[in-house]
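The values are calculated or read from the model by the stated rules, or taken from the named source; none is laboratory data. Fair warning: this is a prediction, and the values are worked out from it, not measured in the lab. In this analysis, Cβ positions are derived from the backbone assuming ideal geometry, glycine residues included, and neighbour counts consider all displayed protein chains.
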Amino acid sequence: MNLRLAPLLLNVLLLCVPLAVRAEYPDRPIKIVVPFAPGGNIDLTARAISSGMSEVLGQPVIIENKPGAGGMLGAELVARSAADGYTLLLASTGSLASAPALYPKLGFDPVKDLATVRSLTRVPLVLVVNPKLPVKTLAELIAFSKSKPGGLSMASTGNGTSNHLAGELFQRMSGTKFTHIPYRGSSQALTDVLSGQVDLMFDNVPTSLPFVRSGKLLALGVTSTVRSSSLAQLPTLAETGLPDYEASTTTGIVVPAATPKETVAKINAAIAKTLASPKVRETFFQLGADVSDLPADAFASVMRLEAAKWGKVIRDANVKID
């Protein structure tokens, strides 16, 4: 062999080695970005599936919280990440469907720059009122509200949040008018409904459930199209006089749009296996969530419908972020 060619041949061989021995996905830890603060339903959902996905994929699955701009900060981070399957987004109706209408000057396109993998949960809200109100049913609440337009007050966890938008949709479908009182979190909002400072609220099931059971709050119905497994005895608002009303949050995993199909398929399979775990399903039950195990196409279809629906609610109600 010509010794002068030896270094060149060695370099060629070295370049070929990574292609020959390249490890299959995944060969390092995977990150799930949660675009909200720790401790909320979206965060706890991510933590519920992370260990199961880790077992299936054989790599650690790490949670990274990136709150801000209604979920858009974390969503943009993932949209701009390498499309290699190592950075996932725990997305929700809020971050994929509502927030784009609330934040029209986004630096990315949620539809074009992100791809759905599989949905995880469907989380309803519950309409609760202070028991001092002279109402016992949804029909009585609607009639009482119409007798004093704007006289009833509605708490929310902030402008543009899921419970605020659920209330706006309710008003438009029922012909009622509430005075909206936004708070900066659920704790003070619920405290003021309990004390009677505010009349009603569309709240997360787990936080209101203890007060409903103790009689400190009256629940008039859940916002999903089917009854919640956590409150099976409580009818939906659609059942009790507001046909077609629905206001739930769908969660799921999405990835950068250019992620290879074979990588997406592995993530998809890991999620499907994790969702079959009784432990995971029990965790979701405690969160007031029902399993929503939809493949990529069906999940994407749900998000398109939700974006159209909530975009219209936001425009019609002229909802603005403070």
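Checking the stated criteria, residue 139 turns out not to satisfy the condition of being of a type in the set (Gly, Ala, Ser), under 21 Å from residue 221 (Cβ atoms) and without any contact (Cβ under 8 Å) to a residue 12 or more places away in the chain. Restricting the first member to region 100-116 and to residues that are closer than 17 Å to residue 260 by Cα, and the second to residues that are part of a loop (DSSP other than H, G, I, E, B) and of a type in the set (A, V, I, L, M, F, W, C), the beta-carbon pairs closer than 7 Å and six or more apart or on different chains are 112/257; 113/257; 114/257; 115/257. Per the listing 240, 236, the residue uniquely of a type in the set (Val, Ile, Thr) and either farther than 21 Å from residue 290 by Cα or more than 24 Å from the chain's Cα centre (by Cα) (or both) is 240. Counting only helices (runs of 4 or more DSSP H) that fall entirely inside region 25-114 and contain at least 1 residues that are of a type in the set (Ser, Thr, Tyr) and closer than 24 Å to residue 278 by Cβ, the qualifying elements are 41-57.
For every residue, the table says whether it meets (1) polar (S, T, N, Q); (2) assigned to a helix (DSSP H, G or I); (3) at pLDDT below 95; (4) buried (at least 23 other Cβ atoms within 10 Å of the Cβ).
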site	(1), (2), (3), (4)
155	no, no, no, yes
159	yes, no, yes, no
168	no, yes, no, yes
173	no, yes, no, no
176	yes, no, no, no
181	no, no, no, no
184	no, no, yes, no
192	no, yes, no, no
198	no, no, no, yes
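The residue that is nearest to residue 202 (Cα to Cα), counting only those in region 239-278 that are assigned to a helix (DSSP H, G or I) and without any contact (Cβ under 8 Å) to a residue 60 or more places away in the chain, is 278.
For (1) on the phi > 0 side of the Ramachandran plot; (2) touching a residue at least 60 places away in the same chain (Cβ under 8 Å), each residue gets a yes or a no:
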site	(1), (2)
210	no, no
215	yes, yes
224	no, yes
295	no, yes
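Would you mind finding the one in 262, 246 that is over 30 Å from residue 80 (Cβ atoms) and either within 20 Å of the chain's Cα centre (by Cα) or surrounded by fewer than 20 Cβ atoms within 10 Å (Cβ to Cβ) (or both)? Steps first, please.
Working: 262 fails: over 30 Å from residue 80 (Cβ atoms).
Only one candidate passes the filter, namely 246.
Residues that are more than 16 Å from the chain's Cα centre (by Cα), of a type in the set (D, E, K, R), farther than 22 Å from residue 313 by Cα and assigned by TED's automatic domain parsing to the domain that holds residue 301 within region 94-142 comprise 112, 113, listed in sequence order.
Among the residues of region 286-306, write down those that are assigned to a helix (DSSP H, G or I) and more than 25 Å from residue 265 (Cα to Cα).
So the first thing to find is which residues in region 286-306 are assigned to a helix (DSSP H, G or I), and the list is 286, 296-306.
Residue satisfying the conditions is 286 alone.
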